[in-house]
Amino acid sequence: MNSSIVSIQNVSFNYQDRRVLENINLEIPEGSFLALLGPNGSGKSTLIKMILGLLPLQKGSISLFDQNVKKFKNWPNIGYVSQKANSFNSGFPATVFEVVSMGLFGKVGMFNFLKKHHKKRVIEAIETVGLTEYTNQNIGELSGGQQQRTFIARALVSDPQLLILDEPTVGVDASSVEGFYGLLKQLNREKGITLMLVTHDIGPVTNLVTHVACLNKQLHFHGDTHEYKDLDNRELSSFYGHPVHMMDHQH
């Protein structure tokens, strides 16, 4: 592993009088695949919003590519895929090509036409996620898994070095989840993209990721996958605040 792409130091955050994050210290090395695990309300999405500059720092510091998040400008270098099921209108009249091309607005401008090399990049991103045959199909006609692949292509089209995914399998049918996780593994292992996967589902990801962080207001664990698998159910339950049983999923 090389230097850290994301460095979080002594970060705390309150919503009014309610403490959401408390003294978080976390490093994400270049080339790693980190699973950020935690129950609903544990502060995962809040931490992501702070990394993306969507929430202000109240205490502590966050650095992206060795630059303070307050001064960071190269946002196309960070791809983001949100919870599709909570934010996407499946009736939106746009093809897969058009949705993916939206990922270039930061570089091209919203009202400028795509040039030939931009269009080539869109096609390559669609091919990477295995949706070439659906390039000109309306995104509302695709399955939940295919739609999420489209959003990953939109995030990939700007050639990011870091890809953050916030509960990406919400609303995706179970039969598509395994292939979806396989795509993430490919992006990390073959494309060398650093991944941060936010999830509350601890089972399916343990054989995919290189590092695990357990968050529940505080960072209760941060280490590589082997160290995480060595934790017993009692330790995991103390992190989550309720009984947890580890299940090993093979992919």
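Has segment 6-17 got any residue that is within 28 Å of Arg189 (Cα to Cα) and of a type in the set (A, V, I, L, M, F, W, C)? Yes - at least one qualifying residue is present in segment 6-17.
Within segment 33-70, the set of residues being in contact with a Phe, Trp or Tyr (Cβ under 7 Å, 6 or more places away or on another chain), under 14 Å from Asp166 (Cα atoms) and either aromatic (Phe, Trp, Tyr) or in a loop (DSSP other than H, G, I, E, B) (or both) comprises Pro39, Leu52. Can you tell me which residue is surrounded by the fewest Cβ atoms within 10 Å (Cβ to Cβ) among those in segment 137-171 that are of a type in the set (D, E, K, R) and farther than 15 Å from Met102 by Cα? Within segment 137-171, the match that is surrounded by the fewest Cβ atoms within 10 Å (Cβ to Cβ) is Glu141.
Whenever a residue of segment 198-223 is among the charged types (D, E, K, R), its partners that are in a loop (DSSP other than H, G, I, E, B), lying with C-beta atoms within less than 9 angstrom and at least six residues away or across chains, give the pairs Asp201/Glu167; Asp201/Thr169; Lys217/Gly38; Lys217/Gly41; Lys217/Ser42; Lys217/Gly43.
For segment 185-199, what are the residues that are touching a Ser or Thr at 6+ places or on another chain (Cβ under 8 Å) and within 20 Å of Leu26 (Cα to Cα)? Asn188, Thr194, Leu195, Val198, Thr199 - these are the residues of segment 185-199 that are touching a Ser or Thr at 6+ places or on another chain (Cβ under 8 Å) and within 20 Å of Leu26 (Cα to Cα).
Sub-9 Å Cβ pairs linking a first residue in segment 60-77 that is within 14 Å of Met50 (Cα to Cα) and of a type in the set (Lys, Arg) to a second residue that is at pLDDT 95 or above and not in a loop (DSSP other than H, G, I, E, B), at least 6 apart or interchain, are Lys70/Ser61; Lys70/Ile62, ordered by first then second residue.
Do we find a residue being assigned to a strand (DSSP E or B) and hydroxyl-bearing (Ser, Thr, Tyr) anywhere in segment 213-230? There is no residue in segment 213-230 that is assigned to a strand (DSSP E or B) and hydroxyl-bearing (Ser, Thr, Tyr).
Restricting Ala213, Ala174 to residues that are surrounded by fewer than 19 Cβ atoms within 10 Å (Cβ to Cβ) and within 23 Å of Pro39 (Cα to Cα) narrows the list to Ala174.
The values are calculated or read from the model by the stated rules, or taken from the named source; none is laboratory data. Just so you know, these numbers come straight off a predicted model, no measurement behind them. Here Cβ is always computed from backbone atoms with ideal geometry, including for glycine, and neighbour counts include all displayed protein chains.
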